[in-house]
Each structure stands twice: as C-alpha cells, then as structure tokens.
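**Q** Please find one structure pasted underneath; my questions will follow.
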Amino acid sequence: MPLGAKRKRHTRFLCPCPGIAKIVALLNTHSSARAEDLQTFLDAVAFNWLIAGSDAHAKNYSVLLSSGPRVRLAPLYDVASILPYDGIPISKVKLAMKIGGEYRLRDIGVRQWRKLARDIRVHEDRLIGRLADLAARLPDLITDICADAQREGLDPSMIEQLRTQLITRARTCLDAMRTNTGD
C-alpha cells in the first residue's frame, strides 16, 4: 500500500446475531456519522418491514472501517422481499430481527414500533411519522422502478406481479399506521 494511502475494511457485525437495539447501540457508540447512519439503519429496518423482507438479519448490516477513527454503516445489500414467492402466506412470514418484541409480520404494528422507539431511545412520533412517510412514498417509487426495469427488458408480467404485491403491502402498512395509534 502506498505511503499515506487510506485503507478501508468492510467488516460484518458478529454473531451471535445482535438485534436492532444492539446494532443501534453499536452505531451510537462507534459511527463517525451517528445521526445519518442511525437514520439509514432504521429506514432499512422499516423498508424491510414494508416489503416483507424476511431475510434482513444482522449479518446483512456491515460497517466500513478506515485506518483512522472513521466508522460508517456500509451501503445496504441483500435486500429482498418474500412477496414474489408463491405459496408463502404473508400471515406466516417472520422478520429476521424483532421489532418491538415481535418477529411475525402480522403481529407488528404501531405498538411494536413505539416499543422499539422506546427501547432504542428515539422519539416515538418521529419514528412513526417516518414509517408512515416511507409507506406513503413507496407505491410511487415502486411504480417508477418497475417502469425502469421493464424498459431494461425484464419480464413485464413478473415485474407487474411484484409491483402489485409491494404496493398492496405498503398500503396495508400505511393503513395500519394511520388507524392504530398503538396506545
């Protein structure tokens, strides 16, 4: 390595797999951009709930280490929804990490998000507002992304099926956020 060159390492969180609260604590303690990395991580947790991303375990979140004191949340990877898989009822789907003490998608609502907010010491109403905002924006974003995918030549029937499922899931989550204060 040339003299003066900065070296970056990509390091995964260690197992046994920590939950959301432990990852938040790690970011709060070690990230050199705490607020940004914490928001990105919580957005990823929310996004995985919105899309039924059942494989978003702690090993899918990494940090970048530099030779100096900088530690940052790595770009997100391995983000996928279970929705396109036939024969898997959404009522049976579990997330890889608990939200407010629950794994099963059908059992996660405003109350669990408020509990998570308290557990990780973030403002409850801001977290709920952020969730509602992501859920409200998701249908338009999905539509735009699917249009791009079709222009790139991906199978339109598969893209449309996924788009429909993701939009339905986002609207279901948004309705739950609006109709249930969780108190």
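**Q** Among the residues that make up the stretch 41-59, is at least one of them over 27 Å from G109 (Cα atoms), of a type in the set (D, E, K, R) and modelled with pLDDT under 90?
**A** no
**Q** Here's a follow-up. Might you let me know whether the stretch 159-166 holds any residue that is under 17 Å from P84 (Cα atoms), among the hydrophobic types (A, V, I, L, M, F, W, C) and in contact with a Lys or Arg (Cβ under 7 Å, 6 or more places away or on another chain)? Spell out how you get there, then give the answer.
**A** At the first step, the residues of the stretch 159-166 found to be under 17 Å from P84 (Cα atoms) are 159-166.
Filter once more, keeping what is among the hydrophobic types (A, V, I, L, M, F, W, C): 159, 162, 166.
Restricting the remaining residues to those that are in contact with a Lys or Arg (Cβ under 7 Å, 6 or more places away or on another chain) gives none.
Scanning the stretch 159-166 turns up no residue that is under 17 Å from P84 (Cα atoms), among the hydrophobic types (A, V, I, L, M, F, W, C) and in contact with a Lys or Arg (Cβ under 7 Å, 6 or more places away or on another chain).
**Q** Can I ask one more? Residues in the stretch 44-66: is at least one in a strand (DSSP E or B), of a type in the set (D, E, K, R) and touching a residue at least 40 places away in the same chain (Cβ under 8 Å)?
**A** First pass over the stretch 44-66, keeping only residues in a strand (DSSP E or B): 62-66.
Applying the additional criterion that residues be of a type in the set (D, E, K, R) yields none.
Looking for residues that are in a strand (DSSP E or B), of a type in the set (D, E, K, R) and touching a residue at least 40 places away in the same chain (Cβ under 8 Å), one finds none in the stretch 44-66, hence no.
**Q** Here is a further query. Could you check G153 against (1) part of a helix (DSSP H, G or I); (2) over 30 Å from T29 (Cα atoms) and say which number it fails?
**A** (1)
**Q** Looking at the structure I just gave you, is D37 modelled with pLDDT of 90 or more, part of a helix (DSSP H, G or I), closer than 19 Å to I167 by Cα and under 20 Å from the mean Cα position of the chain (by Cα)?
**A** No: the conditions fail for D37.
**Q** Here is a further query. Residue by residue through the stretch 104-113, note down the ones that are part of a helix (DSSP H, G or I) and either loosely packed, with under 13 Cβ neighbours inside 10 Å or in contact with a Leu (Cβ under 8 Å, 6 or more places away or on another chain) (or both). Reasoning before the result, please.
**A** Restricting attention to the stretch 104-113, the residues satisfying the condition of being part of a helix (DSSP H, G or I) are 105-107, 110-113.
Within the stretch 104-113, L105, R106, W113 meet the criteria.
**Q** I want to confirm something. Restricting to the stretch 54-77 and keeping residues that are within 15 Å of T40 (Cβ to Cβ) and of a type outside the set (A, V, I, L, M, F, W, C), which single residue is farthest from the chain's Cα centre (by Cα)?
**A** R72
**Q** Can you name the residue in the stretch 71-103 that is part of a strand (DSSP E or B) and without any contact (Cβ under 8 Å) to a residue 12 or more places away in the chain and, of all such residues, is surrounded by the most Cβ atoms within 10 Å (Cβ to Cβ)?
**A** Across the stretch 71-103, the extreme among qualifying residues is E102.
The values are calculated or read from the model by the stated rules, or taken from the named source; none is laboratory data. Given the structure is predicted, the values throughout are model-derived calculations rather than measurements. All Cβ positions, glycine included, derive from the backbone under ideal geometry; neighbour counts span all protein chains shown.
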